[in-house]
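The values are calculated or read from the model by the stated rules, or taken from the named source; none is laboratory data. Note that the structure is a prediction, hence the values are computed from the model and not measured. So basically every Cβ, Gly included, is an ideal-geometry build from the backbone, and we count neighbours across all protein chains shown. These accessible areas exclude ligands, DNA and RNA; they are computed on the full protein's heavy atoms, side chains included. Shrake-Rupley method; radii C 1.70, N 1.55, O 1.52, S 1.80 Å.
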There are 2 protein chains.
Amino acid sequence: MGEQTSYSLSEAVSENTSGIELSYYTQSEFNKVTQASISKKDKAILFADLARYNTLYMIAKAGSGHLGSSFSSMDIVTWIYLNILKESDRYFSSKGHDAPGLYSIQTALNILPFEKIHQLRRLNGLTGHPDVHTPGSHTNTGSLGMGVSKAKGFIYGDNFFNEKNSEVFVLTGDGELQEGHFWESLVSLANRPTNRITVIVDHNKIQSDTYVKDVSDLGDLEAKFKAFGWDVLKIDGHDIDIIDSSLASRKDRTKPLAIIADTIKGKGVSFMEHTSMDSEQEYYAYHSGAPNLEEYNKACKEISSRIETFSNSLGISLDSAANIVIEPISAPKNAEKMIPAYAEAILNLAEKNNIVALDADLVLDTGLIPFKDKFPDRFIECGIAEQDMVSQAGTIALTGLIPIVHSFACFLVTRAAEQIYNNASQKGKVIYVGSLAGILPAGPGHSHQSVRDFTCMLGMPGMTIIEPVNANQVALALKWAVENNSESTYIRLTSIPFQQTELLHSIDTLDHGKGEVLNPGKDITLITYGPIFSFIAGEVAEILKNNDISLNIISTPWINKIDLGWLEEVIGETKMIVTLENHYTESGVGSLYIANMASAGLLMNKKTLNIGIEELPQCGRNEEVLEYHGLTAKQIAERIIIKFNG
Amino acid sequence: MGEQTSYSLSEAVSENTSGIELSYYTQSEFNKVTQASISKKDKAILFADLARYNTLYMIAKAGSGHLGSSFSSMDIVTWIYLNILKESDRYFSSKGHDAPGLYSIQTALNILPFEKIHQLRRLNGLTGHPDVHTPGSHTNTGSLGMGVSKAKGFIYGDNFFNEKNSEVFVLTGDGELQEGHFWESLVSLANRPTNRITVIVDHNKIQSDTYVKDVSDLGDLEAKFKAFGWDVLKIDGHDIDIIDSSLASRKDRTKPLAIIADTIKGKGVSFMEHTSMDSEQEYYAYHSGAPNLEEYNKACKEISSRIETFSNSLGISLDSAANIVIEPISAPKNAEKMIPAYAEAILNLAEKNNIVALDADLVLDTGLIPFKDKFPDRFIECGIAEQDMVSQAGTIALTGLIPIVHSFACFLVTRAAEQIYNNASQKGKVIYVGSLAGILPAGPGHSHQSVRDFTCMLGMPGMTIIEPVNANQVALALKWAVENNSESTYIRLTSIPFQQTELLHSIDTLDHGKGEVLNPGKDITLITYGPIFSFIAGEVAEILKNNDISLNIISTPWINKIDLGWLEEVIGETKMIVTLENHYTESGVGSLYIANMASAGLLMNKKTLNIGIEELPQCGRNEEVLEYHGLTAKQIAERIIIKFNG
């Protein structure tokens, strides 16, 4: 699930103003392979390497993506697409990380327009995780563990009124099998057996952070599937002959088949293969993110020389990969980051507080490595098991300690909504820290863009929700949650590096229920929170100023505990209230603030306008997605002006 | 999980104005047994029967409760309390249904004040499902599958800073093991093994509706636990010697122990034992609810005569059970019900629409039996597996059918919040039907009182939320969702029989975005929804009328799709807007309506007041719980008057 929000490729070339050179194999090279008179096996091997090369290109160009699992599953997925699927059949990846690998195959086979390979993680391009609006993507994945349930729905649905004879092939991760939903989905097949569902476990041993066995060992996977009533085969997931025969065996079965495919994460590029990690190396480097330019070039060379050698030996003459110069992605200059601030804050607070940190396989993304290293006895690695993590935290709190639960906001809040509520219903305080919050980064797509976490959290009795505006407030928020708040707290964090004004950067207080007046103004009050929109609000003020409208900007970290007396004071005589937020408006701060202000009599004769996310977030580069949703400073200013003058 | 909202005992005696006679064993009789010089085994057998008798009393008096599993687990739980638990140890039931059985033991042993046996499911009494505010209840349960996670939290917490040597004993149901959270919770013990957690599966073969094997077969449970790395024993859960030896064996182990206890649901009263069901009988009758008077008396007689015979044989002279006369619970007269209307509506619509119904082990409560009987090929029994159910529905929708998903609102929405969001993010419409919605019935307690379902549902793109006001609108809402709405719908249903005025009863339209003006008035507009508060609103209007305030009542089934033009018209010149709701106010209609009205300019110069649930719902009888939360007509009227005049 990891989504390292680095800009490694672009950072490596940020000095290079003339762009950087990448390369890919054109579709005609794939066609030469598929049309060649060679064995199915040789075809699959060669095709898979071409697809690996293009996957590398797509991820390098996008600046992020999941290389490791795209490569580990490539041989299997290639075989399925070249030799197994009938028109009525469906293949999808339950984990969805490996989307770039899948796209590289689908573009080569005209399931997707070939030119889409240039559009990974771009608006109207190929989404970071699968989305049904992309041709060939059958269902939305990216949130883990749902694959078999989805397969059952397809198979049952196809057969309720018509005998469609369809089959479903589901690829799962191995770390993904830590999710309870996966095991839940296996149970009911006992009462509705079918051999039309085949699960292939891409057992590449490495999950987001490190080895599955170290995170939360899956034990005897074969025995587990068997105990749940499935047929099971364990195979070498890079041996084409065995991939072929194991898949073929499904036809003779009465039960669903699970193929546990032993694979190598990063397979096909020697230094990316997990088996090349030395014994000292704790974390795998190519799960998400993008390689730097040196790594990119080295990997290309390795794959292309293998392609050249093998194609020559088969008598196929392939053209070299086509070169293309791309503009580097511009990372914000002097950007501020919250996760390192959080990492430091929890370390400091742990010195004198009985803190226990719980993680769901995201130590690299949530800043927990220093804590884990310094306080191993107070660190619980739960694996990809948010429900389990949250419920454990609830009873740890009852033993008198202070559990702090970590994951991406999108998974923490809604995968464990019932468990958080259960904790909220009993004594004991739990601190929830949700990172990767909000619509940005927009590259991973809507499974990861958390613009709905307030929705659930607002229904938790006693929960205080805080979104810090800068790194200083990250530390202050955690300190308040640990040392001052007697109830539970949800701290919502931005994971991308973000631009700041000097004023925003300098905020170093956290007064209960209050925020900051960033820009005193007399016409309109704009209430916002968090770093990204607090910054944009400043740009909006500039535009409004040029239109002779004076904007009063209030930024507050207190999402649901606002001091209405203070608010009354700071909104003064302004004639309109605008809320601006990094969340769905109807279930976010917009509704909450306006309702509370109305009830307190603060809206008499004032217009109101709620601006935020109003539909499913788009995938793309951050700037283009903000624009799509009408959230650039210019667009926001226009909406405000129309309402103000209307 | 079932919560049949019948009033069987009280209905049976509703003609009996002089009250009905129940009986229970006093604490001194329990003391005679615990202090007797008899074997531990005989003590446990006799104590368990006394406790069964008092459990029966508690449930009969409360009018509801879970007899079947209280009885099946009684021998095991008695043994644990009499012989196993040290002071630092914890026992709890993960399913929590069996709370009455547990309370009967705890009151006998002074863990709870004995007089609490008269207060099951009453305000400040003993909650319907366990709550930490009750002495001896270690954690809140009732929402299924969380037990092992909670046990891990206790054990790890106890040991992070101090070596407490505590142990945790967790009872689980068998149907409960269909929940994915349960299997998720087992995984991580591989990396943090402990023998301080012992799980006893109350394997009584019957879940809420019927046989576990027919709902969603668990298959080889022993193999499953073993595959997940646990030690396993399979025992007769009513054989005290074996209960003793199997529990004792935990000390010599290095891994956690699962004891699969074969038990009989309803054990101890012959006609309640599931083994007495004849082969034609599909549904078990004593899972939840209360027995009728005849059944009650028959059961008492059977238990008491066994107690008499056995105590005499042991030379213990026990007094007879003490008699007590209780007032029957008053069921509303001529009450209207939604579930039968729903049962008829889905049956009718299925004739000409490609509907598929999915259920999570609640056909008795959700009205699906007629559908299941008539369209068995379009019915999917998912078992207690809401995540799996919802994800299946999502892909069934993609095959072109119309899946309708059923459960209690409390479980459907928040256990599957992530899966509902995933469905909402892809094409295809799904209809979600959540029953047992709102604060009433208040007897089951906060795990079942769904006053937070809008919270999650408001964050689902494209979702229309409807709460019908009467039986007519149940049918109209489903018809609209099936035949007219192209996107997904959430229909929220009241499960208790409810009082209606003639006007409320007669509503038989469902105009998109609009509602009904129930009581035109000129001073204040009260906006509400659903049958219970639409009725109470009428009572509020009467009180206000006596205070010369004219209340304009608007009741609308459209929770999040309100026609603001219509609303502007019907609120007219009223000077204040009150929202009244069966949900948390901050994350409910209160905030949503006020924000939308403010934005549309409908609140200029108007006061607002949001009334609804503001803290965790209390357990108790419906009337006393409404009063606790300030939601009687009188209390509501007072709040309105103060605000109006203030």
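Below, the figures for the structure above:
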quantity	calculated
Scan of region A:456-471 for residues that are in contact with a strand residue (DSSP E or B) (Cβ under 7 Å, 6 or more places away or on another chain), within 10 Å of chain B (Cβ to nearest Cβ) and part of a helix (DSSP H, G or I), ordered by number	A:457
Test: residue in region A:538-557 that is open to solvent by 20 Å² or more (accessible area, probe 1.4 Å), away from every other protein chain (no Cβ under 14 Å), at negative phi and of a type in the set (Asp, Glu)	yes
Residues within region B:123-178 that are more than 8 Å from chain A (Cβ to nearest Cβ) and among the basic types (Lys, Arg), tallied	1
Qualifying residues in region B:371-392 (those that are in a strand (DSSP E or B) and open to solvent by 10 Å² or more (accessible area, probe 1.4 Å)) - the one nearest to residue B:419 (Cα to Cα)	B:381
Per-region count, region A:32-88, residues part of a helix (DSSP H, G or I) and without any contact (Cβ under 8 Å) to a residue 24 or more places away in the chain	1
Subset tally (residues that are over 25 Å from residue B:456 (Cβ atoms), assigned to a loop (DSSP other than H, G, I, E, B) and of a type in the set (Val, Ile, Thr)) for region B:543-558	1
So residue A:107, is it buried (at least 24 other Cβ atoms within 10 Å of the Cβ), touching a Pro at 6+ places or on another chain (Cβ under 8 Å) and more than 17 Å from residue B:388 (Cα to Cα)	yes
Residue B:436 more than 10 Å from chain A (Cβ to nearest Cβ), modelled with pLDDT under 95 and in contact with a His (Cβ under 7 Å, 6 or more places away or on another chain)	no
Which numbered condition residue A:562 misses (of (1) open to solvent by less than 10 Å² (accessible area, probe 1.4 Å); (2) within 13 Å of chain B (Cβ to nearest Cβ); (3) over 20 Å from residue B:579 (Cα atoms); (4) β-branched (Val, Ile, Thr))	(1)
Qualifying positions in region B:191-214 - more than 10 Å from every other protein chain (Cβ to nearest Cβ) and assigned to a helix (DSSP H, G or I)	B:212
Those residues of region B:588-631 which are within 11 Å of chain A (Cβ to nearest Cβ), polar (S, T, N, Q) and open to solvent by 10 Å² or more (accessible area, probe 1.4 Å), in sequence order	B:596, B:599, B:605, B:610
Any hit, region B:215-222, residues being within 23 Å of residue B:288 (Cα to Cα), of a type in the set (D, E, K, R) and either within 12 Å of chain A (Cβ to nearest Cβ) or assigned to a helix (DSSP H, G or I) (or both)	yes
Subset tally (residues that are open to solvent by 60 Å² or more (accessible area, probe 1.4 Å) and touching a helix residue (DSSP H, G or I) at 6+ places or on another chain (Cβ under 9 Å)) for region A:281-312	4
Scan of region A:439-455 for residues that are touching an Asp or Glu at 6+ places or on another chain (Cβ under 8 Å) and facing chain B (nearest Cβ under 8 Å), ordered by number	A:446
Search result, residues across region A:354-370 that are open to solvent by less than 40 Å² (accessible area, probe 1.4 Å) and within 14 Å of chain B (Cβ to nearest Cβ)	A:355, A:356, A:357, A:358, A:359, A:360, A:361
Verdict on residue B:475 being more than 14 Å from every other protein chain (Cβ to nearest Cβ), open to solvent by 20 Å² or more (accessible area, probe 1.4 Å), in contact (Cβ under 8 Å) with a residue 40 or more places away in the chain and small (Gly, Ala, Ser)	yes
Of the criteria (1) open to solvent by 20 Å² or more (accessible area, probe 1.4 Å); (2) within 23 Å of the chain's Cα centre (by Cα); (3) of a type in the set (A, V, I, L, M, F, W, C), which one residue A:201 fails	(1)
Hits in region A:227-251 (condition: under 12 Å from residue A:261 (Cβ atoms), open to solvent by 30 Å² or more (accessible area, probe 1.4 Å) and not in a loop (DSSP other than H, G, I, E, B))	A:233, A:234, A:236, A:242
Residue B:641, sole failed condition from (1) over 30 Å from residue A:639 (Cβ atoms); (2) of a type in the set (A, V, I, L, M, F, W, C); (3) within 14 Å of chain A (Cβ to nearest Cβ); (4) assigned to a helix (DSSP H, G or I)	(3)
Positions within region B:565-577 being touching a residue at least 40 places away in the same chain (Cβ under 8 Å), part of a helix (DSSP H, G or I) and open to solvent by 10 Å² or more (accessible area, probe 1.4 Å), in sequence order	B:566, B:570
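Per-residue answers, yes or no, for (1) without any contact (Cβ under 8 Å) to a residue 12 or more places away in the chain; (2) in contact with a helix residue (DSSP H, G or I) (Cβ under 7 Å, 6 or more places away or on another chain); (3) part of a strand (DSSP E or B):
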| site | (1), (2), (3) |
| --- | --- |
| A:517 | no, yes, yes |
| A:522 | no, no, no |
| A:527 | no, yes, yes |
| A:541 | no, no, no |
| A:560 | no, yes, no |
| A:579 | no, yes, yes |
| A:594 | no, yes, no |
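To keep it simple, each residue is scored yes or no on (1) in contact with a helix residue (DSSP H, G or I) (Cβ under 6 Å, 6 or more places away or on another chain); (2) open to solvent by less than 20 Å² (accessible area, probe 1.4 Å); (3) in a helix (DSSP H, G or I); (4) within 11 Å of chain B (Cβ to nearest Cβ).
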| position | (1), (2), (3), (4) |
| --- | --- |
| A:320 | no, no, no, no |
| A:330 | no, no, no, no |
| A:352 | no, no, no, no |
| A:394 | yes, yes, yes, yes |
| A:397 | no, yes, yes, yes |
| A:403 | yes, yes, no, yes |
| A:418 | yes, yes, yes, yes |
